[in-house]
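Only one structure is covered here, and it is reproduced in the block below.
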Amino acid sequence: MDVSSIITSLNDDQRLAVSAPMQAMLVLAGAGSGKTRVLVHRIAWHIQVNHISPYNILAVTFTNKAANEMRNRIEELLETPARAMWIGTFHGLAHRLLRQHAKQAKLPDTFQVMDSDDQLRIIKRLMKNLNLDDSKWPPKQAQWFINAQKDEGIRAKHMHDNGDFYNRQMKDIYLAYEDVCQRSGLVDFAELLLRAHELLRDNEDLLAFYRQRFQQVHVDEFQDTNTIQYAWLRLLTEGNNNLFVVGDDDQSIYGWRGAKIENIFNFQKHYPEHGIVRLEQNYRSTGHILKAANTLIANNDNRMGKELWTAAGEGQAISLYSAFNEQDEAYFVVEKIRQWVRDGGLRSETAILYRSNAQSRQFEERLMTTATPYRVYGGLRFFERMEIKNALAYLRLSTNPHDDPSFERVVNTPTRGIGAKTLDDMRILAREQQLSLWQAALAMLESNQLPARASNALRGFLNLIIALGETTKELSLHETVKQVVETSGLIELYKKEKQDKGEARVENLEELVNAARLFDYDSENAENLGELDMFLAHAALEAGEMQGEVDEDCVQLMTLHSAKGLEFKLVFLVGLEEGLFPSQQALDDAGRLQEERRLCYVGITRAMQQLYLTHAESRRLYGKDSYPRASRFLRELPPESIQEIRLRANVSRPTTNSASQSKGLGSKGTYKLGQPVRHEKFGEGVVLQMEGEGEQERVQINFRNAGIKWLMLAYAKLDAA
Ligand SMILES: Nc1ncnc2c1ncn2[C@@H]1O[C@H](COP(=O)(O)OP(=O)(O)OP(=O)(O)O)[C@@H](O)[C@H]1O
Ligand SMILES: [Mg+2]
């Protein structure tokens, strides 16, 4: 393979960055300018030209998906596998380090990663133990507090007593929390990062080893690193000057979770010998889209200042649609997608981006009704579903019975007659004697203090777990999972549950067995961890990016936060309303407002060819009706790049659904207020109002069983009843 293929597909500035001498480097550039591309080519360059072994390369990306893509692209460029290269998310890499050096990290070999749900469960329980009133001390707030401390690298014992009562209380909770986690061998997400940092900081030999090993360290989306992540990078690269970071201050969107834009300044200070490259040509979007992004973000201050240009031509203007309500919004968006597909586009080239997860439901319903395949990223993930978490809890207990949250979760699921009193006594005993729940249960059985029924039930549970642990030692991973699902009684439990829900749960459990069968156990990189433990870690770390199950061509639904770094030909940025986007909390906080604006910038710059912006004039969200004003961000866009889709703008255009025209109530005047109608899905109803014309013609109908709905006549398949 010759070197030129790494270089030819780059512009001059990109080439400069890729072929720069080995030194600390900062690539600072706006969206779509090829930062990620530069990072990939830089790594290939090191391997090909500087003859650095993949073994000596570390790369940090933002999602597992991005990490996989990066590896694939490097292997494509080099035409050879690069398995020895460490590439992953901060959390994934930290986890790997901790597994490899559990002892030095002061963790049991069998430590387990827990998600934020389990974390909250522990915090709730220990706050109860501390006799703290939920209403005055919301557990979520304590969870937030603890994670924020960890993100800053602060342990409970390091917290200063500033005399503040709140702080003191939080410190007590944090202390107790650290204690429980350590005892049960559980590690939360923030702890992964903090521990990995302490591991290197406190073990000179290890640090020397990894400094030697990772000759080149690369970071994508550097603007969103937090204090502890940056501290970890510094430990690894200090003195070597070998840190290559790419980022965009205008895309910093995790400030609310502790990310520090200042890390870009810190980098420049800490690595005085660094090179810096700015990229200004955008290769992703057309002129109108780029202009909108540039104009919007110019409203922020304290920017590092970058302008982007494109050689792509103006392209189509951005479309703005004001919907009546959220259903109408969904109708509109889905119809545009269907049009795209009819015109030969792929569904996977389209994305619906929203501010908050709760917005996805309307779109999902509409996509389902129209039988349009779609995929939601980062919603309730597969591994977070109740039945899956229950099955995983059994699996976890079978490898580590001291895992208290798992114990709590399934000790009485399915119910086996262990009463609330027995459980309470067990918790008290555990607290008083610093035992795990498992140990407390054993102690209670030994001291014979339980009534016969409770004692039998409890013994039954413990024996079940022990037996699982024994038998599964002999079995393969998927057999183990199958065994657990069956003997735990979960399958029977859900089979008894009513209708679809139970059925879906049983199917999900079967899917879990399947996921175990397909699990790609990479023994080379598993450190000394068994397949089951790796699978459990995967389940906890997998960030809603489950891959493999769908090859189908799907519309992509996700929050703006999870769209970072991605690109789509056709993008819908929905719910542009004050109080939603920008979010309610940002309305009177200048700093947060700027972060929302950056988020909007991220959203706009995901679009390659066509961008639609929508907002609803009335919206029901979280069970409340509101009549929000259009987002201020809309007013900040250049009017000449925006084309409003007005209700009466399309009078002359025929309706897109000719079937409804010929057979149903297609054109205005064929129905009256109060007229009875019938709809395929919603059944019978009565016309309440109508508005608009042509493609935009709508009727409001009071359905007997489905309630009041606005329907777009062109798509609604209505018949006179
Ligand atoms: N020199 C180039 N020639 C052709 N296409 C390019 C070039 N540089 C980048 N691209 C393409 O432009 C698009 C954006 O690139 P990339 O995703 O690397 O940008 P980015 O700066 O990382 O964007 P973001 O800030 O959104 O993460 C990609 O499709 C990429 O392949
Ligand atoms: Mg990128």
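The values are calculated or read from the model by the stated rules, or taken from the named source; none is laboratory data. As the structure is a prediction and not an experimental result, all values here were calculated from the model. Cβ coordinates were reconstructed from backbone atoms using ideal geometry, including for glycine residues, and neighbour counts include every protein chain displayed. Each accessible area value is taken on the protein alone, full model and side chains, heavy atoms only, with ligands, DNA and RNA left out. Shrake-Rupley method; radii C 1.70, N 1.55, O 1.52, S 1.80 Å.
Summary table below
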| quantity | calculated |
| --- | --- |
| Long-range Cα-Cα pairs in the stretch 408-474 (distance over 15 Å), rounded percent | 51 percent |
| Given charges at beta-carbon only (K, R positive; D, E negative), |dipole| of the chain in Debye | 1360 debye |
| Within the stretch 33-73, chymotrypsin sites (Phe, Trp or Tyr not before Pro) in DSSP loop having at most 14 other beta-carbon neighbours inside 10 Å | none |
| Of all accessible heavy-atom area on the stretch 443-516, the percent that carbon and sulfur account for (1.4 Å) | 47 percent |
| Where N is the number of residues in the stretch 133-243, Cα Rg divided by 2.2 N^0.38 Å | 1.26 |
| The chain: radius of gyration and largest Cα-Cα distance (Dmax), Å | 28.1, 85 |
| Residues of type lysines that Lys569 reaches as a straight line, Cα spacing below 26 Å, ignoring anything fewer than 8 places off in the same chain | Lys35, Lys65, Lys291, Lys306, Lys336 |
| Only Lys, Arg (+1) and Asp, Glu (-1) charged, at Cβ; the stretch 326-457 dipole about Cα centre in debye | 220 debye |
| Compactness index (Cα Rg / 2.2 N^0.38 Å), the stretch 72-179 | 1.46 |
| Environment charge at Asp250 (Cβ cut-off 10 Å; Lys +1, Arg +1, Asp -1, Glu -1) | +2 |
| Rh by Kirkwood over Cα pairs, then Stokes-Einstein D for the stretch 235-353 at 0.890 mPa s and 25 °C, µm²/s | 134 µm²/s |
| Long-range amide H partners of Asn325 with built H, under 5 Å | Glu617, Ser618 |
| Extreme residue, positive dipole direction of the chain, given options Pro639, Val687, Leu353 (C-beta unit charges) | Val687 |
| Gain in span if fully extended, Arg678 to Arg213, counting 0.36 nm per residue against the direct Cα distance | 160.4 nm |
| Antiparallel %, DSSP beta bridges [both residues in the chain], to 5 | 35 percent |
| Sites Met386 and Val3, calculated FRET efficiency, Cβ-Cβ separation with R0 56 Å, nearest 0.05 | 0.55 |
| Burial order of peptide ranges 615-628, 80-93 (average beta-carbon count within 10 Å, highest first) | 80-93, 615-628 |
| Simple Cβ-charge dipole of the stretch 260-357, Lys/Arg +1 and Asp/Glu -1, about Cα centre, in debye nearest 20 | 200 debye |
| Residues with amide H under 5 Å from that of Val277, placed H, sequence gap 5 or more | Leu26, Val27, Leu28 |
| Cα-based equivalent ellipsoid, the stretch 1-56: semi-axes from gyration tensor eigenvalues, Å | 19, 13, 10 |
| Full-stretch length increase - Arg155, Met304 - with 0.36 nm per residue and alpha-carbon distance subtracted | 50.3 nm |
| Cβ-Cβ FRET estimate between Glu510 and Asn129, R0 fixed at 30 Å, reported to 0.05 | 0.20 |
| Residue-averaged [θ]222 nm for the chain, counting only DSSP H segments that reach four residues, each worth -39500 (n - 2.57) | -14000 deg cm²/dmol |
| Long-range Cα-Cα pairs in the stretch 1-150 (distance over 28 Å), rounded percent | 42 percent |
| Which of Phe111, Phe682 is most accessible, then next, and so on - probe 1.4 Å | Phe682, Phe111 |
| Cα lying deepest toward the dipole's positive end in the stretch 174-277, options His270, Thr237, Thr225, charges on Cβ | Thr237 |
| Mean accessible surface per residue for the chain, computed with a 1.4 Å probe while every protein chain stays in place, in Å² | 44 Å² |
| Distance between modelled label sites at Tyr283 and Asp424, nm, 7 Å Cα→Cβ extension | 6.6 nm |
| Simple label model, 7 Å out from Cα along Cβ direction - Val686 to Ser53, nm | 8.1 nm |
| The stretch 328-376 pair-distance distribution - Cα-Cα, 10 Å bins, rounded % | 26, 61, 13, 0 |
| Gain in span if fully extended, Arg342 to Leu475, counting 0.36 nm per residue against the direct Cα distance | 42.9 nm |
| Distance in nm between pseudo-label sites at Gln182 and Glu262 (7 Å out along the Cβ direction from Cα) | 2.9 nm |
| Of the GluC sites (Glu not before Pro) in the stretch 55-150, those whose Cβ has at most 16 other Cβ within 10 Å and which sit in DSSP loop | Glu79 |
| Glu644/Thr415 FRET efficiency (R0 45 Å; Cβ-Cβ; nearest 0.05) | 0.20 |
